Amino acid sequence: MNAMNVLLTATNDQIVDTTKGLKMLHQEPSALVQFGPDVEPASLEVEYLSSVDLTPVEDVDLLVNTLLERLDSKDWLTVCQAFNRARQIAVFHTSSMDNILESVVILTIKALKSPRSTLCKTAIMATADFFKAYQDRMLDFLDPLLLQLLLKASQDKRFVCEEAERALLAMTTWMAPAPLLQKLKPYVSHRNPRIRAKASMCVYKSVSKLGIEGIKDFGLETLIQIAASQLNDQLPEARESARKMVMDLHAAYQKFPSYGHSLDVQNVECKQEKWEWEQFCQRQLPPRTAHAVLRVTCIAT
């Protein structure tokens, strides 16, 4: 089994090794503070198991019955182990956790708020597996979970940030795009530019899954307003997601007879087509924003 072993740390917990008389204070990974003379290095190992390395469990009912208690333990190592068990159940015994899924998500959110990076990363990895296993059922619990994932994806600790980005990708991959977009909309105008950037990325990926009919049903007007609002954002990640989204929406617009086009798009003259797109943008957007959108699509064509 391929798994990454890490030197575990804990900012506030002290562990005493009674066999050697050692006392050490666990800190975040890569740092180990020791007290007393001639203290030998010591470590704890926790496995960051990738989803492909997870295996089925034997006594599912017993694990499910004790899972909530272990996830709510004051011992963070126990919680990490419980998250790995929860992932196994979600992946291989999905329905077994149906009755406690909401409680599991609540405890996952609690772990995501932990200042302990190792625990936080383990919870994020579990979240990605929950998205894949339970898909649209996660919509009922998504609001506080989404905020925490966006926060973690926006922070400076790289190994947490990258894991949160993978979880957000799993979310956009496995959940229906239209209801997910409704959850994401408030975050593209968040005051934190990093959160806006991560939300914009998720919005773009969700829009790319809608398809022509999905874009039409959701509302091309709404989507172009969301995309346009990010074209001049502070961070390049947000601007790039917005630019790609504008291009997708422009392509969709060209196939919408209901937005002023002929049924046979190939017979529409280029000048007329550009004029109609310009008129649409000017109706839906403030002048400067409309100009930014038209500049993107004009350069591309």
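Numerical summary
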{"quantity": "Residue-span extension gain [Val57 to Asp143] - 0.36 nm each, minus C-alpha spacing", "calculated": "27.9 nm"}
{"quantity": "Probe 1.4 Å - accessible area at Ser154, Å² to nearest ten", "calculated": "10 Å²"}
{"quantity": "The range 132-249 shape via C-alpha gyration tensor axes, a/c threshold 1.5", "calculated": "oblate"}
{"quantity": "Gyration tensor verdict on the range 57-175 (Cα atoms; rounded if a/c is under 1.5, prolate if a/b is larger than b/c, oblate otherwise)", "calculated": "oblate"}
{"quantity": "Shape call, the range 165-204: gyration tensor on alpha carbons, a/c limit 1.5", "calculated": "oblate"}
{"quantity": "For Ala176, residues with placed amide H under 5 Å, excluding near neighbours", "calculated": "Asp136"}
{"quantity": "Sequence-distant residues sharing a close amide H with Val46 (under 5 Å, placed H)", "calculated": "Val6, Leu8"}
{"quantity": "Chain lengthening between Ala176 and Leu235 when straightened (0.36 nm per residue, less Cα-Cα)", "calculated": "18.5 nm"}
{"quantity": "Cross-link pairs beyond the 24 Å C-alpha cut-off, checked among Lys157/Lys185; Lys152/Lys183; Lys132/Lys198; Lys74/Lys113; Lys157/Lys244", "calculated": "Lys157/Lys185; Lys157/Lys244"}
{"quantity": "Hz values of 3J(HN,Hα) by residue in the range 79-90 - Karplus curve (6.51, -1.76, 1.60), Gly and Pro given as x", "calculated": "5, 4, 5, 5, 5, 5, 5, 4, 5, 4, 5, 4"}
{"quantity": "Ranked packing of 176-189, 126-139, most packed first, by mean Cβ within 10 Å", "calculated": "126-139, 176-189"}
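The values are calculated or read from the model by the stated rules, or taken from the named source; none is laboratory data. Bear in mind that the values here come from a model prediction, so they are computed numbers and not experimental data. Cβ coordinates were reconstructed from backbone atoms using ideal geometry, including for glycine residues, and neighbour counts include every protein chain displayed. Surface areas here come from the heavy atoms of the whole protein model, side chains and all, with no ligands, DNA or RNA. Shrake-Rupley method; radii C 1.70, N 1.55, O 1.52, S 1.80 Å.
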